[in-house]
Protein chains: 2
Amino acid sequence: MTNQTVGRPGLPADPRADVAEPSTSCPVEITLDALRGRWTTLIVRELLRHDHSFSELRQALPALSDKVLADRLAHLVRSQVVDRQREPGWPPRTRYTLTPHGRALGPVLQALWDWGSETPQPPARAATS
Amino acid sequence: MTNQTVGRPGLPADPRADVAEPSTSCPVEITLDALRGRWTTLIVRELLRHDHSFSELRQALPALSDKVLADRLAHLVRSQVVDRQREPGWPPRTRYTLTPHGRALGPVLQALWDWGSETPQPPARAATS
DNA sequence: CTGAATCCCTGCCGATACTG
DNA sequence: CAGTATCGGCAGGGATTCAG
(Lines give C-alpha, C1' and ligand atoms only; values in the text may rest on other atoms or scores of the structure.)
Protein backbone atom coordinates (compact mmCIF):
# COMPACT_ATOMS: atom_id res chain seq x y z
CA MET A 1 0.00 0.00 0.00
CA THR A 2 1.66 3.10 -1.14
CA ASN A 3 -0.68 5.46 0.62
CA GLN A 4 -4.28 6.40 1.31
CA THR A 5 -6.77 5.40 3.96
CA VAL A 6 -5.45 8.35 5.92
CA GLY A 7 -8.56 10.37 6.49
CA ARG A 8 -9.48 10.35 2.82
CA PRO A 9 -12.52 8.15 2.66
CA GLY A 10 -13.24 7.22 -0.90
CA LEU A 11 -10.39 9.18 -2.33
CA PRO A 12 -7.24 7.14 -2.68
CA ALA A 13 -4.02 8.89 -3.43
CA ASP A 14 -3.70 6.93 -6.61
CA PRO A 15 -2.64 9.08 -9.55
CA ARG A 16 -5.65 7.80 -11.43
CA ALA A 17 -7.75 9.74 -8.93
CA ASP A 18 -6.45 12.97 -10.42
CA VAL A 19 -7.69 12.59 -13.94
CA ALA A 20 -9.13 15.76 -15.36
CA GLU A 21 -11.59 14.09 -17.65
CA PRO A 22 -13.51 10.85 -17.87
CA SER A 23 -11.08 8.05 -18.56
CA THR A 24 -11.61 4.37 -19.04
CA SER A 25 -8.57 3.72 -16.86
CA CYS A 26 -10.24 5.20 -13.81
CA PRO A 27 -11.30 2.32 -11.58
CA VAL A 28 -14.50 4.08 -10.61
CA GLU A 29 -15.49 4.38 -14.22
CA ILE A 30 -14.53 0.80 -14.91
CA THR A 31 -17.02 -0.31 -12.30
CA LEU A 32 -19.72 2.10 -13.38
CA ASP A 33 -19.17 0.97 -16.94
CA ALA A 34 -19.62 -2.65 -15.92
CA LEU A 35 -22.92 -1.77 -14.26
CA ARG A 36 -23.96 0.63 -16.97
CA GLY A 37 -27.25 0.34 -18.69
CA ARG A 38 -30.75 -0.33 -17.63
CA TRP A 39 -31.50 -3.79 -16.24
CA THR A 40 -27.84 -4.52 -15.64
CA THR A 41 -27.97 -4.51 -11.87
CA LEU A 42 -31.12 -6.59 -11.88
CA ILE A 43 -29.41 -9.21 -14.03
CA VAL A 44 -26.47 -9.25 -11.65
CA ARG A 45 -28.86 -9.58 -8.75
CA GLU A 46 -30.48 -12.60 -10.33
CA LEU A 47 -27.12 -14.19 -10.98
CA LEU A 48 -26.02 -13.47 -7.43
CA ARG A 49 -28.88 -15.65 -6.26
CA HIS A 50 -28.06 -18.53 -8.56
CA ASP A 51 -27.01 -19.12 -12.12
CA HIS A 52 -29.58 -18.90 -14.85
CA SER A 53 -30.14 -19.91 -18.40
CA PHE A 54 -31.15 -17.36 -20.98
CA SER A 55 -34.86 -18.11 -20.71
CA GLU A 56 -34.74 -18.35 -16.96
CA LEU A 57 -33.49 -14.79 -16.94
CA ARG A 58 -36.31 -13.81 -19.25
CA GLN A 59 -38.77 -15.37 -16.87
CA ALA A 60 -37.23 -13.61 -13.92
CA LEU A 61 -37.33 -10.27 -15.75
CA PRO A 62 -40.39 -10.51 -17.97
CA ALA A 63 -40.33 -6.94 -19.15
CA LEU A 64 -36.83 -7.31 -20.54
CA SER A 65 -36.56 -7.91 -24.25
CA ASP A 66 -34.34 -10.50 -25.87
CA LYS A 67 -32.08 -8.02 -27.51
CA VAL A 68 -31.40 -6.04 -24.41
CA LEU A 69 -30.85 -9.17 -22.37
CA ALA A 70 -28.36 -10.51 -24.89
CA ASP A 71 -26.74 -7.11 -25.03
CA ARG A 72 -26.42 -6.85 -21.26
CA LEU A 73 -25.07 -10.36 -20.94
CA ALA A 74 -22.48 -9.75 -23.63
CA HIS A 75 -21.48 -6.56 -21.89
CA LEU A 76 -21.19 -8.33 -18.55
CA VAL A 77 -19.11 -11.05 -20.16
CA ARG A 78 -16.80 -8.42 -21.60
CA SER A 79 -16.63 -6.80 -18.19
CA GLN A 80 -15.60 -10.11 -16.67
CA VAL A 81 -18.62 -10.19 -14.46
CA VAL A 82 -20.41 -13.09 -16.10
CA ASP A 83 -19.19 -16.38 -17.45
CA ARG A 84 -21.05 -17.98 -20.34
CA GLN A 85 -21.02 -21.73 -20.61
CA ARG A 86 -22.65 -23.35 -23.58
CA GLU A 87 -23.80 -26.85 -22.94
CA PRO A 88 -23.45 -29.00 -26.05
CA GLY A 89 -26.36 -31.04 -27.26
CA TRP A 90 -29.95 -30.26 -27.85
CA PRO A 91 -31.79 -28.16 -27.06
CA PRO A 92 -29.02 -25.61 -26.88
CA ARG A 93 -28.73 -24.34 -23.37
CA THR A 94 -26.41 -21.66 -22.12
CA ARG A 95 -25.65 -21.30 -18.49
CA TYR A 96 -24.73 -17.91 -17.13
CA THR A 97 -22.81 -17.70 -13.92
CA LEU A 98 -20.97 -14.97 -12.12
CA THR A 99 -17.23 -15.06 -12.25
CA PRO A 100 -15.41 -14.70 -8.92
CA HIS A 101 -14.79 -11.13 -9.91
CA GLY A 102 -18.47 -10.72 -10.62
CA ARG A 103 -19.38 -12.18 -7.28
CA ALA A 104 -17.16 -9.51 -5.77
CA LEU A 105 -19.75 -7.02 -6.93
CA GLY A 106 -21.80 -8.00 -3.90
CA PRO A 107 -20.20 -5.45 -1.57
CA VAL A 108 -20.36 -2.85 -4.31
CA LEU A 109 -24.09 -3.33 -4.74
CA GLN A 110 -24.39 -3.33 -0.97
CA ALA A 111 -22.70 0.05 -0.79
CA LEU A 112 -24.96 1.39 -3.52
CA TRP A 113 -27.96 -0.03 -1.71
CA ASP A 114 -26.96 1.45 1.61
CA TRP A 115 -26.50 4.94 0.29
CA GLY A 116 -29.72 4.81 -1.67
CA SER A 117 -31.58 3.53 1.34
CA GLU A 118 -30.52 6.54 3.32
CA THR A 119 -31.63 9.01 0.71
CA PRO A 120 -34.36 10.96 2.47
CA GLN A 121 -36.65 12.18 -0.23
CA PRO A 122 -37.95 10.35 -3.24
CA PRO A 123 -35.86 11.15 -6.27
CA ALA A 124 -37.29 14.15 -8.03
CA ARG A 125 -35.71 13.00 -11.24
CA ALA A 126 -37.71 15.15 -13.58
CA ALA A 127 -37.72 18.20 -11.33
CA THR A 128 -41.12 19.69 -10.63
CA SER A 129 -42.52 19.61 -14.11
CA MET B 1 -37.91 -15.59 8.89
CA THR B 2 -38.35 -15.85 5.25
CA ASN B 3 -34.96 -14.46 4.52
CA GLN B 4 -32.14 -12.54 6.08
CA THR B 5 -28.83 -10.94 5.54
CA VAL B 6 -26.75 -13.87 6.68
CA GLY B 7 -24.37 -14.78 3.93
CA ARG B 8 -26.10 -12.69 1.31
CA PRO B 9 -23.54 -10.00 0.63
CA GLY B 10 -25.06 -7.26 -1.38
CA LEU B 11 -28.50 -8.75 -1.43
CA PRO B 12 -30.54 -7.45 1.44
CA ALA B 13 -33.81 -9.12 2.29
CA ASP B 14 -35.62 -5.93 1.54
CA PRO B 15 -38.68 -6.40 -0.63
CA ARG B 16 -37.31 -3.73 -2.91
CA ALA B 17 -34.60 -6.21 -3.85
CA ASP B 18 -37.17 -8.30 -5.66
CA VAL B 19 -38.34 -5.80 -8.21
CA ALA B 20 -38.82 -7.29 -11.62
CA GLU B 21 -38.02 -4.15 -13.54
CA PRO B 22 -35.99 -1.01 -13.10
CA SER B 23 -37.67 1.11 -10.47
CA THR B 24 -36.81 4.48 -9.05
CA SER B 25 -37.61 3.16 -5.60
CA CYS B 26 -34.78 0.66 -5.69
CA PRO B 27 -31.98 2.02 -3.51
CA VAL B 28 -29.34 0.76 -5.91
CA GLU B 29 -30.88 2.69 -8.74
CA ILE B 30 -31.28 5.75 -6.59
CA THR B 31 -27.54 5.77 -6.05
CA LEU B 32 -26.69 4.98 -9.65
CA ASP B 33 -29.04 7.72 -10.71
CA ALA B 34 -27.31 10.20 -8.44
CA LEU B 35 -23.97 9.28 -10.02
CA ARG B 36 -25.37 9.06 -13.51
CA GLY B 37 -23.88 10.97 -16.35
CA ARG B 38 -20.45 11.67 -17.57
CA TRP B 39 -18.27 13.87 -15.33
CA THR B 40 -20.50 13.34 -12.33
CA THR B 41 -18.08 11.29 -10.30
CA LEU B 42 -15.27 13.66 -11.11
CA ILE B 43 -17.30 16.58 -9.83
CA VAL B 44 -18.05 14.69 -6.65
CA ARG B 45 -14.39 13.87 -6.32
CA GLU B 46 -13.48 17.52 -6.54
CA LEU B 47 -16.06 18.42 -3.96
CA LEU B 48 -14.87 15.67 -1.66
CA ARG B 49 -11.51 17.39 -1.59
CA HIS B 50 -12.91 20.81 -0.80
CA ASP B 51 -15.77 23.01 -1.81
CA HIS B 52 -15.55 24.89 -5.07
CA SER B 53 -17.09 27.78 -6.86
CA PHE B 54 -18.48 27.35 -10.33
CA SER B 55 -15.36 28.57 -12.07
CA GLU B 56 -13.08 26.68 -9.76
CA LEU B 57 -14.79 23.55 -10.91
CA ARG B 58 -14.33 24.61 -14.49
CA GLN B 59 -10.65 25.14 -13.84
CA ALA B 60 -10.36 21.75 -12.19
CA LEU B 61 -12.12 20.09 -15.11
CA PRO B 62 -11.13 22.18 -18.12
CA ALA B 63 -12.69 19.92 -20.72
CA LEU B 64 -16.11 20.25 -19.12
CA SER B 65 -18.46 22.76 -20.69
CA ASP B 66 -20.59 25.25 -18.79
CA LYS B 67 -23.85 23.65 -19.70
CA VAL B 68 -22.88 20.17 -18.66
CA LEU B 69 -21.36 21.44 -15.44
CA ALA B 70 -24.51 23.36 -14.57
CA ASP B 71 -26.54 20.34 -15.56
CA ARG B 72 -24.54 17.99 -13.38
CA LEU B 73 -24.60 20.36 -10.43
CA ALA B 74 -28.35 20.76 -10.68
CA HIS B 75 -28.71 17.03 -10.84
CA LEU B 76 -26.50 16.57 -7.80
CA VAL B 77 -28.49 19.19 -5.92
CA ARG B 78 -31.69 17.35 -6.75
CA SER B 79 -30.06 14.13 -5.61
CA GLN B 80 -29.21 15.78 -2.30
CA VAL B 81 -25.53 15.28 -2.86
CA VAL B 82 -24.54 18.91 -3.31
CA ASP B 83 -25.57 22.05 -1.50
CA ARG B 84 -25.59 25.32 -3.40
CA GLN B 85 -24.96 28.51 -1.46
CA ARG B 86 -25.22 31.80 -3.25
CA GLU B 87 -23.21 34.53 -1.67
CA PRO B 88 -24.94 37.90 -2.03
CA GLY B 89 -23.05 40.86 -3.42
CA TRP B 90 -20.94 41.35 -6.44
CA PRO B 91 -19.46 39.63 -8.25
CA PRO B 92 -21.95 36.82 -7.76
CA ARG B 93 -20.26 33.81 -6.28
CA THR B 94 -21.82 30.46 -5.65
CA ARG B 95 -20.24 27.98 -3.35
CA TYR B 96 -20.83 24.30 -3.91
CA THR B 97 -20.37 21.94 -1.02
CA LEU B 98 -21.27 18.37 -0.38
CA THR B 99 -24.18 17.70 1.91
CA PRO B 100 -23.57 15.22 4.73
CA HIS B 101 -25.41 12.73 2.61
CA GLY B 102 -23.18 13.57 -0.30
CA ARG B 103 -20.11 13.14 1.83
CA ALA B 104 -21.42 9.68 2.60
CA LEU B 105 -20.71 8.85 -1.03
CA GLY B 106 -17.08 8.44 -0.04
CA PRO B 107 -17.39 4.77 0.87
CA VAL B 108 -19.52 4.18 -2.18
CA LEU B 109 -16.88 5.59 -4.48
CA GLN B 110 -14.30 3.63 -2.54
CA ALA B 111 -16.21 0.42 -3.22
CA LEU B 112 -16.48 1.31 -6.90
CA TRP B 113 -12.79 2.12 -6.95
CA ASP B 114 -11.79 -1.10 -5.26
CA TRP B 115 -13.71 -3.32 -7.62
CA GLY B 116 -12.46 -1.45 -10.67
CA SER B 117 -8.91 -1.66 -9.40
CA GLU B 118 -9.16 -5.40 -9.25
CA THR B 119 -10.46 -5.74 -12.75
CA PRO B 120 -7.73 -7.75 -14.45
CA GLN B 121 -7.92 -6.75 -18.06
CA PRO B 122 -8.43 -3.34 -19.56
CA PRO B 123 -12.03 -2.78 -20.46
CA ALA B 124 -12.53 -4.09 -23.95
CA ARG B 125 -15.48 -1.82 -24.42
CA ALA B 126 -15.65 -2.08 -28.17
CA ALA B 127 -14.70 -5.75 -28.34
CA THR B 128 -11.63 -6.71 -30.30
CA SER B 129 -12.54 -5.31 -33.63
C1' DC C 1 -33.49 -22.22 -27.24
C1' DT C 2 -30.27 -18.70 -27.91
C1' DG C 3 -29.13 -15.20 -29.84
C1' DA C 4 -27.98 -11.53 -34.06
C1' DA C 5 -29.78 -7.87 -37.45
C1' DT C 6 -32.55 -4.14 -38.32
C1' DC C 7 -35.26 -0.02 -37.51
C1' DC C 8 -36.95 3.79 -34.79
C1' DC C 9 -37.23 6.74 -31.05
C1' DT C 10 -35.64 8.96 -27.08
C1' DG C 11 -32.37 11.18 -24.15
C1' DC C 12 -27.70 12.44 -23.27
C1' DC C 13 -23.60 15.23 -24.51
C1' DG C 14 -21.36 19.04 -26.22
C1' DA C 15 -20.89 23.73 -28.60
C1' DT C 16 -22.45 28.21 -29.19
C1' DA C 17 -24.83 32.18 -27.93
C1' DC C 18 -27.27 34.91 -24.67
C1' DT C 19 -29.13 36.79 -19.77
C1' DG C 20 -28.97 38.26 -14.60
C1' DC D 1 -19.28 35.30 -12.47
C1' DA D 2 -22.90 32.07 -12.93
C1' DG D 3 -25.71 30.28 -15.21
C1' DT D 4 -29.98 29.45 -19.17
C1' DA D 5 -31.64 28.65 -24.22
C1' DT D 6 -31.24 26.33 -28.21
C1' DC D 7 -29.53 23.21 -31.66
C1' DG D 8 -27.27 19.13 -33.59
C1' DG D 9 -24.85 14.62 -33.23
C1' DC D 10 -24.75 10.31 -31.46
C1' DA D 11 -25.26 6.45 -28.52
C1' DG D 12 -28.63 3.76 -25.67
C1' DG D 13 -32.99 1.20 -25.30
C1' DG D 14 -36.74 -1.33 -27.09
C1' DA D 15 -39.83 -4.01 -30.52
C1' DT D 16 -39.77 -6.86 -34.25
C1' DT D 17 -37.87 -10.09 -37.25
C1' DC D 18 -34.65 -13.64 -38.68
C1' DA D 19 -30.85 -17.18 -38.07
C1' DG D 20 -27.86 -21.19 -35.76
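The values are calculated or read from the model by the stated rules, or taken from the named source; none is laboratory data. Computed from a predicted structure; not experimentally measured. Note: ideal-geometry Cβ built from the backbone for every residue, glycine included; neighbour counts use all protein chains shown. For the accessible areas, the whole protein counts, side chains as well, though only heavy atoms, and no ligand, DNA or RNA atoms are used. Shrake-Rupley method; radii C 1.70, N 1.55, O 1.52, S 1.80 Å.
Here is how the numbers come out for the structure above:
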{"quantity": "Cα centroid of the stretch A:21-64 to Cα centroid of the stretch A:71-109, whole Å", "calculated": "10"}
{"quantity": "The stretch B:29-71: proportion of alpha-carbon pairs further apart than 14 angstrom, %", "calculated": "46"}
{"quantity": "Label-point separation in nm, A:ASP66 to B:ALA20, each point 7 Å along Cα→Cβ", "calculated": "2.0"}
{"quantity": "Average partner coverage of B:87-93, which counts Cβ from other chains inside 10 Å", "calculated": "0"}
{"quantity": "Shielding score for A:40-50, defined as the mean number of other chain Cβ atoms within 10 Å", "calculated": "3"}
{"quantity": "Inter-copy label distances at A:SER117 (7 Å, Cα→Cβ; nm, one decimal)", "calculated": "2.5"}
{"quantity": "Dipole magnitude of the stretch A:22-104 about its Cα centre (Cβ charges: Lys, Arg +1; Asp, Glu -1), debye to nearest 20", "calculated": "100"}
{"quantity": "For residues of B:17-25, the mean tally of beta carbons on other chains within 10 Å", "calculated": "5"}
{"quantity": "The stretch A:29-110 - Rg (one decimal) and Dmax (whole number), Cα, Å", "calculated": "12.1, 40"}
{"quantity": "Buried solvent-accessible surface, both chains (B, A), 1.4 Å probe, Å² to nearest 100", "calculated": "5600"}
{"quantity": "Rounded accessible area of A:VAL77 (nearest 10 Å², 1.4 Å probe)", "calculated": "50"}
{"quantity": "Stokes-Einstein D (µm²/s) once Rh is taken as the Kirkwood radius of the stretch B:57-99 over alpha-carbon pairs, at 37 °C in 0.692 mPa s", "calculated": "294"}
{"quantity": "Cβ-vector label at 7 Å, A:ALA74, separations to other copies in nm", "calculated": "3.6"}
{"quantity": "Packing-based order for A:24-35, A:42-53, A:58-69, using average beta carbon neighbours within 10 Å, highest first", "calculated": "A:24-35, A:42-53, A:58-69"}
